[in-house]
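These notes are about the structure you will find just below.
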Amino acid sequence: MTALHAGLGVALGAGSLTALAGLLVPRRARTTVVGAGLAITGAAALLAGIAAMTGRSASFAVPDLLPLFGLLFTVDPLAGVFLAITGGVTVAVGIYGIGYCRGPGDGQGHDHGGLDARGVQAVLPLFVLAMLAVPVAASVGTLLLCWELMALTSLLLVIAEHRRRPTVASAGRWYAVMTQLGLVAILIGLSVFAGHAVDGSFAALRAAAPTLTPAVAALVFVATGIGFGSKAGIVPLHAWLPRAHPEAPSNVSALMSAAMVNLGVYGIVRVGFDLLGDTGAAWWWLLVLGLGALSAIYGILQAAIGTNFKRLLGNSTTENMGLILIGVGAAGFFGTAGDLDLAALALAAALLHLVNHAAFKTLLFTSAGSVVQATGRRDLDELGGLNTGMPATTAAFGVGALAASALPPGAAFVSEWLLLQALIHGLPATGVAGAIVLPLAVAAVALTAGLAVATFVKAFGIGFLAKPRTPEAASATEGPASMLVGMGVAGVACVALALAPTLVLPTIGSVAGATVGAGDPVRIHGLTIELVGTLGATVGSLSPLMLTLALLIGTVLALAGARALATRRAARAARLWDCGGGPLSARMEYTATSFAEPLQRVFDDVLRAEHDVDVSHYDESRYLVQTVEYRRRVPDRIEKRLYDPVLRLVAAWGQAGRKLATGSVHRYLGYGFYTLCGLLVLLVVTR
Amino acid sequence: MTGLVVVVQLLVVVALSPLLIGMMRQVRARMEGRVGPGIGQPWRDLRKLMRKQPITPDGTSVVFRTAPLVLVATCLVVAAVAPLVSTAALLDPVSDLFAVVALLTLGTVTLALAGIDTGTAFGGLGASRETTIVALVEPTLLVAIFALSVPVGSTNLGAIVGATLADPAQVLSPVSLLAAAALVVVIIAETGRLPVDNPSTHLELTMVHEAMILEYAGPDLALVELAASMRLSLFLGLLANLFLPWGIATGGDPLLIGLAVPALVVKVAALGALLAAAEVFLAKLRLFRVPELLAGSFVMGLLAVGASYFLA
Amino acid sequence: MSESLFTQLLNLTVGAMLLTAVLTLWWRQLSSIIVIFGLQGIALAATVALIATHEGSAELGVVAVLVLVLRAGVLPWLLRRTLAAAGPNRRETRPLVNVVTSLLVAAGLTLLAYAVAQPLVALDTSPTGHAVPAALAVALTGFFVLVTRRLALSQLVGFLLLDNGITAVGILTTAEIGLVVELGISMDVLLVVLVLQVLKSRIRAAFGRTDIDELRELHD
C-alpha cells in the first residue's frame, strides 16, 4: 500500500473515529481526544498530500452510495497541494483546540460549556473531512455534495457560541445565505457544463470542453467563478468573511481562513485550467486578475482602518486571496498569450502564497484567540501591554505579523517576490493588454504590501506593546500548554517556509507546471531560488536563508561595534518624556483608531466614514454643555452600494408577494390545485 | 576577490555617511548665510552620544532595545550587496532590487514598532505618519523598479548596472529619465528629507522620523543617527550607480576598486549637495498633501513602464 | 383467474372508486359522505386484492388487508367520531362552487386525467395500465374536493380521496408497492387525520363552528 493510500485511509478513519468520539467521550476528556484525533487526521492528510504532490495519483469510486450518481474521487498533484495545506493546518488547530475549547471561550469569564459541547466537538472532524474531500472529488455530484457538507458543518461551527452573543446569529445568517447563493452559482455553472458532456465525471467534462461554444464556456467559467470566488472572499462577494470570522470560535476561524477559503481558489484553478483546458479566453483571466487586485486593495484597506482584532485578520484573508488570484489570473493570461513557462511561474507563486498564507494565518488566528480568551476583549483599542503577561503569544503573533506583511525574513516575502517576478517578466509576451494591466497589477501588489505593513505594525504594536489600556489587558496571562504547542507548530511552519522555501518550491513548481502544461518554472540551486529565462540564463535569484543570515551577522556586528565604542556605564531607567506633567497614563497612548487615522483620511473617497456628534446640554442652561458624544463608523462601501439596493429590491418583491396571501385557506389550496391542473393541461397541449 | 568588495563598501558607507550629512548641512548653512558647524560635526555628535550613559525608558520592552541594532543591520546588509563600487557582488542571491527595498522597509518598520512601544503619544504619532508614507511610497517604488528591469530582463542589481554600463545612451531614454524622477521623490520620502519631512524639527505638527526616536538617548541614538545617514548615502549611491554608473568596477580587481571608491564619493557628494541646495528653497508639505506628491511620482513611474514597452 | 374476468373485475373496482369520488361531490350530508368514503376504501382494497391474486403475490395480499383495515375501517370510524363531536352542523351547505358546477368540473377533470395519462397507457397495455387514468381522475377529484369545501371535515375527506387515488395509481402502474412504503404512507395518513381531528376541535372551541372560510387571519 503506497503512502498515498495509507495517508488517505488513516485520515478518513481517524476523522470518522474522532467525530464519533466527540459524541461519546465524557466532557472531561472530550477536547483532548478530539484534538489528538484531529492532529492524527491532519498529519495523515499532510502525508497523503505530499505523496500526491510528488507525482503519485489514485482514484476511488463508490458507485451506488447515492441515487443518480455514485461518488468518484481522484487524487492528483493539484489536489495534493490542498490536501497537504488542510492537513497541516488541522494539526496545529487540533492541538490548539485541546486547551482553547476547554477555556471560557470568547466570553467574559462565563462558565465553559460552549465549545466543548458534543455538537461542536463532533462536527469539527466532519468539517475537516469535508474540506479534505472537496479537492479529491472527481465528478460534479461528488464535488457539490462535499461542498455542501463543508458549508453546513462550517455553519454549525460558526454559530457555536450563539447563546453568548446575539451578533453570532446575524453573522451566521449572512454566512448561510451567501454560501448557499455561491452553491447555486456553482451548481448552475457545472450543470451547464455537464449537460454538454456524457456524464458528470471530470474526465467526461475534460473531453467535452473543446466542443463548447465560447459563450457557453464563458458562462460556465463566470458562474463557477462567482461561486468559488464568494467562498474565497473576493470582492464583491466578500461580505460574509469579516462578519463570520470575529464571531466564530478562534480555532474555527483559523480552519476557515487557512483551509476553507483556499478551496475557492482550488475551484477556480480546477475549472479554469483543468476542466476547461485550452478553451480559455484572455478576458476571463483579466477579470480574475482585476477582481483579485480589487479584493487585495479593498481587503487590506478595511483591515488597516479596522480595530476589531479578528475582523482585521478576516479582512487580511480577503487581501491574501486577492493576491493569490492576481497570480492565478496572470497565469491564465500568460497561458492564453502562449507563454506557458511564465504561466507556470505565476501559478507557482500563487500556490506558494497559498501555502504561506495558511501557515501565518493559522498562527495569527490562534494567537489572537489566546489573547481574546485571556482578556475577554476583542478590540485593539482595549488591548496593549500584553508582552509582559503573555510573552509567548506576543512572539508568536510577531512572527505571524512579520510573515503577513511580506517583509524579509517573513514567509510571504518569497511568494510575493515570485509573483512580482512573474508579473515583471510578462511584459514582452502579452502585448498591449499586458502593457496596461501588468504595471497596474504590480502597483496593486505594491500598495497592498505597503498597507499590509501599516496594518500589522498597528495590530502588533497597539495590541501587544506599550502599556495596557484596560485592566483585563493588564492582568492577562498565557493559556494552557496545548494552546502554546499549537501556536508553536504553526510558528515552526512559518519559520521553515520563510527560511527554506526551497523545501516546498520544487514540488509546488512541478504541480503548477503540470496544471498549466509546461515544465518546472523554478530551479533550485542549493538553498537559492533561481529563475531561468528563455535563453537558459539566470534572470533572478533569491536566497531567503542567506538574507536572514546576513541580517543576523549584521546585527551581531552592530552589537559588537556598539559595545566596543560605547561607554561602559550601566543603563539607567528613566521616565518617558511627559513634558513635565507627571507620569503618562495608558489613556495617552496612541490607539488603533488614531494610528490608522492618516490612512483613513488619505483614502476618504473610498471609505467615507460616517461621523455622529451628539451634544447634550444641562437642563438649566442651553449654553452649558453636559456631554459630547462622538461616534465614527466606517461602513463597508461595497455593501452599501451593492448589497443594500439588492436587498431592498428583494424586500420590495416580497412585499408585493404578500398580496397573494389574503388569509383565506381556500385561496391557498386553490393556488396548488389550479397550478397542478394548469401544468397538466400544458403537458397535454405541448406533447 | 568579492570579499574585498564587501569590506570596502561597508567601510566606505559606515565611515563616510555621517560626513555626507555634514556636507549637506554645511551646504545649506552657507546658502542660508550661516557659517555652519563643519563637515565633521555628525561624527563629533556620534562620539558624544557614544560616551553618554545608556537609558532604558520605563515600560519599554525588548523591541525598543533591539530596534536600533536591527536598523543598523539592515543598512549593513544593503551596503554589502548593493553595487556601489563593483557590479560583482558576493551575495548575488540577495542582490535583488526587491530584496533591497524590502530590507530598507524592514528597518523603518522596526523603528515604528519601537516608537509605539514607548507608549507615548509622540511615538505613536511618528509611527502612524511614517507607516502611512511607506504605504503610499511602495507602489511608486515597485513600478519604478519594474521600469528599470524591463530593458535588462532582470531585477538583479548587478545586472541592471552592468546593462547601463554596456549601453550608456540608455540613460537619456524617456524610460530612464522618468524612472529617475520617480525615484528621486521616493528617496526624499523614504529618507525623510524636505518637503516630506524635516529632519531637524521637533515640533509635534511637523515631526515624522524624529517623533519615533524621541525616547532614544546615548549609544542607541548614535546607532539610529548612523543608520539614518547610512540610508541616505545608500539611496543616493544606488541612484547614482543605476543612472550614472561610470567609474564603477566590473570585477574584483583591487586597482579598479580603488578607482571606484573616489568615483562613488564624488557622485554621491554631488547628488547630496544638489539635494541640500534644493531643500533651501522648499518648505515642508502638510502631511495630507504628501499623497498628492507621491501620486505624481507614481504616474511618472507608470509612464516609465509604458514607455519601456511602447518605445522599446 | 382468467384474463377477461380479471379485466372486468378490475374495471369494476376502479370504476367504483371513481363513482364514489363523484358522489362525494353530489351528496350534502356529512354522514353519507363518510359512508361513501368507506365504500371507496373497500373498492381500493378489492383492487389491490385483485392484483395480488393475479400476480400471485402474498405481499400484495397483506397490503390489501392493510388497506381494508385502515381505509375502510379505522379512518371512517375516526371521521364518524369527529362528526359526533361536531354538533348540529351536519350538512355541507353553501359549498364554494355549487353542486352542478362541481359535477361538471369533475367530468372535466376525468377527461384531463385521460388525456394526460395517454403515454402511460401506451406504455403498459395490460388491463392495469388501462385503469390508470381512472385512478388519476380520483386523485384530481379528491384535490378538487379539498379546495372547494367549506367545512373542515369535508376537506379532510377530500384529502383522503386524494391519497386513495395516489395509492391506486401507484398500485396500478408498478404492481409492486412495497410493504414498507405502504406502511409509511398509511402512517402518514393516519397522523394527518389525528392532527386534523385535534385541530378541528380546537377551531370549534375557539369559534363555535368549523367553517374555515371565515378564517382569514393566516397572513402577515
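Laboratory data are not the source of any read-out in this text; all were calculated from the coordinates shown. These numbers were taken from a predicted model, which means no experiment stands behind them. As a convention, Cβ positions derive from the backbone with ideal geometry for all residues, glycine included, and neighbour counts pool all protein chains shown.
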Discussion item. Within 10 Å of each Cβ in A:174-186, how many Cβ atoms from other chains are there, averaged over the peptide?
Written reply: 0
Response to the item:
Listed by chain and number, the residues whose amide H is under 5 Å from that of A:GLY540, excluding neighbours fewer than 5 places away on the same chain and using placed H, are A:LEU531
Item to complete: Please give the length that would be gained between A:THR477 and A:SER664 if that part of the chain were fully extended, namely 0.36 nm times their separation in residues minus their C-alpha to C-alpha distance (nm, one decimal).
Response: 61.0 nm
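With the radius of gyration and the Kirkwood radius both derived from the Cα set of the stretch B:1-128, what is their ratio Rg to Rh?
Across the stretch B:1-128, the Cα-based Rg/Rh ratio is 1.04.
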Discussion item. Would chain C count as rounded, prolate or oblate if I go by the C-alpha gyration tensor, calling it rounded below 1.5 in a/c and otherwise prolate when a/b exceeds b/c, oblate otherwise?
Written reply: prolate
Worksheet entry | Computed helical MRE - 222 nm, chain B, DSSP H runs ≥ 4 contributing -39500 (n - 2.57), nearest 500 | -24000 deg cm²/dmol
Item to complete: Determine the dipole magnitude for chain A: charges of +1 sit on the beta-carbon of Lys and Arg, -1 on that of Asp and Glu, nothing else is charged, the reference point is the Cα centre, and the result goes in debye to the nearest 20.
Response: 1100 debye
Worksheet item: Where Lys and Arg each count +1 and Asp and Glu each count -1, what net charge lies around B:LYS284 among other residues with Cβ under 11 Å from its Cβ?
Response: +1
Discussion item. Using a 10 Å cut-off around each Cβ of peptide A:561-574, what is the average number of partner chain Cβ atoms that fall inside?
Written reply: 6
Worksheet item: Roughly how crowded by other chains is peptide A:658-665, in terms of the mean Cβ count from those chains within 10 Å of each of its Cβ atoms?
Response: 4
Discussion item. Checking the a/c ratio against 1.5 first, then a/b against b/c, what shape does the Cα gyration tensor give for the stretch A:637-686?
Written reply: oblate
Worksheet item: Can you give the charge dipole size of the stretch B:66-207 about its Cα centre, rounded to the nearest 20 debye, using +1 on the beta carbon of Lys and Arg and -1 on the beta carbon of Asp and Glu?
Response: 120 debye
Discussion item. Ranking request for peptides C:43-56, C:152-165: highest mean number of other beta-carbon atoms within 10 Å first, then the rest in descending order.
Written reply: C:152-165, C:43-56
Item to complete: Scan around A:PHE73 for amide H atoms under 5 Å from its own, H built in the peptide plane at 1.01 Å from N, and keep only partners 5 or more places away or cross-chain.
Response: A:PHE60, A:ALA61, A:VAL62, A:ALA138
Worksheet item: What list of ³J(HN,Hα) values in whole Hz, one per residue of the stretch C:100-116 in order, does the Karplus curve 6.51 cos²θ - 1.76 cosθ + 1.60 (θ = phi - 60°) give from phi, with Gly and Pro shown as x?
Response: 4, 4, 4, 5, 5, 4, 4, 4, x, 5, 4, 4, 4, 4, 5, 5, 5
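By the scheme Lys and Arg +1, Asp and Glu -1, what is the net charge of all other residues having a beta-carbon under 15 Å from that of A:LEU465?
Here the count lands on -2.
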Worksheet item: How high is the FRET efficiency between A:MET588 and B:LEU274 when r is their beta carbon distance and R₀ equals 30 Å, given to the nearest 0.05?
Response: 0.10
Practice prompt. Take every Cα-Cα pair in the protein assembly as shown and report what % of them are more than 57 Å apart.
Written response: 32 percent
Discussion item. Using a Förster radius of 45 Å, what is the FRET efficiency between A:ASP605 and B:VAL266 based on their Cβ-Cβ separation? Nearest 0.05, please.
Written reply: 0.45
Response to the item:
A correct Karplus calculation of ³J(HN,Hα) over the stretch A:660-670, with 6.51 cos²θ - 1.76 cosθ + 1.60, θ = phi - 60°, whole Hz and x for Gly and Pro, returns 6, 9, 7, x, 7, 5, 4, 4, 5, 5, x
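Rank by packing, highest mean first: peptides C:186-196, A:457-467, B:215-225, A:343-353, with packing defined as the count of other Cβ atoms within 10 Å averaged across residues.
Peptide ranking by packing, descending: A:343-353, A:457-467, B:215-225, C:186-196.
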Item to complete: Tell me the label-point distance for the pair B:LYS48, A:ARG648, using the 7 Å Cα-to-Cβ offset, in nm and rounded to one decimal.
Response: 6.6 nm
Discussion item. Can you tell me the length gained on complete extension of the stretch A:ARG165 to A:SER16, counting 0.36 nm per residue apart and subtracting the Cα distance?
Written reply: 50.6 nm
Worksheet item: What is the magnitude of the charge dipole of the stretch B:2-310 about its Cα centre, with +1 placed on the Cβ of each Lys and Arg, -1 on the Cβ of each Asp and Glu, and no other charges, expressed in debye to the nearest 20?
Response: 800 debye
Worksheet item: So what does log10 I(q)/I(0) come out to for chain A at q = 0.05, 0.06, 0.09 Å⁻¹, using the Debye formula with one equal point on every Cα and no solvent?
Response: -0.26, -0.37, -0.81
Practice prompt. Would you work out which of A:THR388, A:PHE334, A:GLY678 lies farthest towards the positive end of the dipole of chain A? Charges go on Cβ: Lys and Arg +1, Asp and Glu -1.
Written response: A:THR388
Discussion item. Suppose only helical runs count, i.e. DSSP H with n ≥ 4. What mean residue ellipticity at 222 nm does that imply for chain A under -39500 (n - 2.57) per run, divided by all residues and rounded to the nearest 500 deg cm²/dmol?
Written reply: -22000 deg cm²/dmol
Discussion item. At 7 Å along Cα-to-Cβ for each site, give me the label-to-label distance between A:ALA564 and C:VAL192 in nm.
Written reply: 9.6 nm
Fill in: Approximate spin-label separation C:GLN8-A:ARG631, in nm, with each point projected 7 Å along Cα-to-Cβ
8.7 nm
Fill in: Estimated 222 nm signal from helices in chain C, with DSSP H stretches of n ≥ 4 weighted -39500 (n - 2.57), rounded to 500
-26500 deg cm²/dmol
Worksheet item: Summing Lys, Arg as +1 and Asp, Glu as -1, what charge do residues with Cβ under 13 Å from the Cβ of A:LEU124 carry, A:LEU124 excluded?
Response: +1
